[in-house]
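The next block holds one structure in the form of structure tokens; read it before the comments.
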Amino acid sequence: PYDLLVVGGGPAGAAAAIYAARKGIRTGIVADRFGGQVLDTMAIENFISVSATEGPKLVANLEQHVLDYDVDLMQGQRAAGIQRNGLIEVPLESGATLKSRSVVLSTGARWREMNVPGEHEYRGRGVAYCPHCDGPLFKGKSVAVIGGGNSGIEAAIDLAGIVEHVTVLEFADTLRADEVLQRKARSMSNIDIIASAMTTEVLGDGQRVTGLTYVDRETDEQHQLALAGIFVQIGLVPNTEWLGDSIDLTAHGEIEINQRGETSMPGVFAAGDVSSVPYKQIIIAMGSGSTAALSAFDYLIREPIS
Ligand code: FAD
């Protein structure tokens, strides 16, 4: 068995594996796709100490750093569950089962998409999902935020300080965001809010986003907006479906962790976007992956000798 098995190979999992391997314990990572969301990221300008990089480049560095140590890296494998049976067992979709004395869960999350024409084509070329990451790329330009929940209105307020103008499009006839956020957004002169708006297409010139079309659900009229960017804020979905009810999740489906990264199952820790750690960012995922691995080590040295 492993001393520590990491499930998920994004920045959180890579950091956990490196911290564990540096303790000299037997470490494995099993990942569907090593690199995770970072593979889909173009410009990264907030990875502190690196002024600018690109996702695939950062992933290559992550992989090299992991392989500097004696870590079993199992790629193209999906975990299908977790149970304690003396050791912790992680069955894979392939039919094999991995066993370990401790586990870090770091299977990340995915942004809910609008599923309209143009969204995929212009992803990273005007279609964005993370205002903390990509907001400054639209300085002085007009953008839309899709979604009037808390994350959408927070994004609009955040972006309004950087860009020229923000239009919020909400599908329902009212916003779901907290009243205090709505009041703040309505007080800002460069934010417009349009309710009952169903986004129907992302428009572009072949290179970059130039706007979008939406239908007013009350009048059925079609409208067009000229935009440089579209921030999709309709939900971040944690990759926890495979856990069933083995581990306690929050109301949003995230793995509930405490300050030390402990979950409800002894010996099992979680980190990064899949967990309840506040704010979903690369540097935060790495920090929480390191926390989880150090907590796992702490757990292992206290385990009774069998
Ligand atoms: P992820 O990166 O999601 O990795 C999850 C890992 O788990 C992957 O290896 C995946 O294959 C694996 N996995 C999932 N399910 C299973 C399973 N059942 N079995 C085995 N493996 C599984 N953050 C920034 O800080 N700066 C940016 O500029 C930035 N830009 C972004 C741009 C885009 C388009 C996106 C989508 C995100 C961006 N982010 C950015 C956010 C950042 O990428 C995430 O916060 C970070 O990648 C989270 O790391 P993670 O390790 O927790 O999860």
Would you check which residues across the stretch 251-306 are open to solvent by less than 20 Å² (accessible area, probe 1.4 Å), assigned to a helix (DSSP H, G or I), under 24 Å from GLN37 (Cβ atoms) and among the aliphatic types (A, V, I, L, M) and list them? VAL274, ALA285, ALA292, ALA293, ALA296
Residues of the stretch 254-279 satisfying the condition of being more than 13 Å from the ligand (Cβ to nearest atom) and either more than 22 Å from ALA20 (Cα to Cα) or free of Cβ contacts under 8 Å to residues at least 40 places away in the same chain (or both): GLU256, ASN258, GLN259, ARG260, GLU262, SER264
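With the condition kept exactly as written, say whether any residue in the stretch 203-220 is within 16 Å of the ligand (Cβ to nearest atom) and in a loop (DSSP other than H, G, I, E, B). Talk me through it step by step, then tell me what you get.
Of the stretch 203-220, the ones within 16 Å of the ligand (Cβ to nearest atom) are 208-209.
Adding the requirement that they be in a loop (DSSP other than H, G, I, E, B) leaves 208.
Within the stretch 203-220, one or more residues are within 16 Å of the ligand (Cβ to nearest atom) and in a loop (DSSP other than H, G, I, E, B).
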Only one of (1) in a loop (DSSP other than H, G, I, E, B); (2) open to solvent by less than 20 Å² (accessible area, probe 1.4 Å); (3) not acidic (Asp, Glu) is not met by ARG176, so which one is it? (2)
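LEU67: at negative phi and either among the acidic types (Asp, Glu) or away from the ligand (no atom under 13 Å from the Cβ) (or both), yes or no? Steps first, please.
Working: at negative phi: yes; either among the acidic types (Asp, Glu) or away from the ligand (no atom under 13 Å from the Cβ) (or both): yes.
So LEU67 passes the test.
Any idea which of ILE234, ILE282, ILE230, ILE301 is within 16 Å of the ligand (Cβ to nearest atom), among the β-branched types (Val, Ile, Thr) and either under 29 Å from GLY24 (Cβ atoms) or free of Cβ contacts under 8 Å to residues at least 24 places away in the same chain (or both)? Even if it seems obvious, please write down each step before you answer.
Values: ILE234 fails: either under 29 Å from GLY24 (Cβ atoms) or free of Cβ contacts under 8 Å to residues at least 24 places away in the same chain (or both); ILE230 fails: either under 29 Å from GLY24 (Cβ atoms) or free of Cβ contacts under 8 Å to residues at least 24 places away in the same chain (or both); ILE301 fails: within 16 Å of the ligand (Cβ to nearest atom).
So the residue among ILE234, ILE282, ILE230, ILE301 that is within 16 Å of the ligand (Cβ to nearest atom), among the β-branched types (Val, Ile, Thr) and either under 29 Å from GLY24 (Cβ atoms) or free of Cβ contacts under 8 Å to residues at least 24 places away in the same chain (or both) is ILE282.
Go through the stretch 1-24 and count every residue that is of a type in the set (A, V, I, L, M) and in a helix (DSSP H, G or I).
Kept after step one, since they are of a type in the set (A, V, I, L, M), are these residues of the stretch 1-24: 4-7, 12, 14-18, 20-21.
Filter again for in a helix (DSSP H, G or I), leaving 12, 14-18, 20-21.
Selection size over the stretch 1-24: 8.
Results for (1) part of a loop (DSSP other than H, G, I, E, B); (2) open to solvent by 50 Å² or more (accessible area, probe 1.4 Å), shown as yes or no for each residue.
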| site | (1), (2) |
| --- | --- |
| PRO91 | no, no |
| ARG101 | no, yes |
| GLY118 | yes, no |
| GLU121 | yes, yes |
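Which one of these is open to solvent by 50 Å² or more (accessible area, probe 1.4 Å) and not polar (S, T, N, Q): TYR129, TYR69? Before the answer, list the steps.
Values: TYR129 fails: open to solvent by 50 Å² or more (accessible area, probe 1.4 Å).
Among TYR129, TYR69, only TYR69 is open to solvent by 50 Å² or more (accessible area, probe 1.4 Å) and not polar (S, T, N, Q).
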I need the full set of residues from the stretch 114-172 which are without any contact (Cβ under 8 Å) to a residue 24 or more places away in the chain and under 21 Å from SER189 (Cα atoms), in order please. GLY161
Restricting the stretch 54-64 to residues that are under 18 Å from the mean Cα position of the chain (by Cα) and without any contact (Cβ under 8 Å) to a residue 40 or more places away in the chain, the one farthest from the ligand (Cβ to nearest atom) turns out to be PRO56
Just for the stretch 133-147: of the residues that are assigned to a strand (DSSP E or B) and of a type in the set (Gly, Ala, Ser), which one is surrounded by the most Cβ atoms within 10 Å (Cβ to Cβ)? ALA144
Residue list for the stretch 25-49, restricted to those being within 9 Å of the ligand (Cβ to nearest atom), among the charged types (D, E, K, R) and assigned to a loop (DSSP other than H, G, I, E, B): ASP32, ARG33, GLU45
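The values are calculated or read from the model by the stated rules, or taken from the named source; none is laboratory data. These numbers come from a predicted model, not from an experiment. Here Cβ is always computed from backbone atoms with ideal geometry, including for glycine, and neighbour counts include all displayed protein chains. Just the protein is used for accessible areas: all its heavy atoms, side chains included, with ligands, DNA and RNA removed. Shrake-Rupley method; radii C 1.70, N 1.55, O 1.52, S 1.80 Å.
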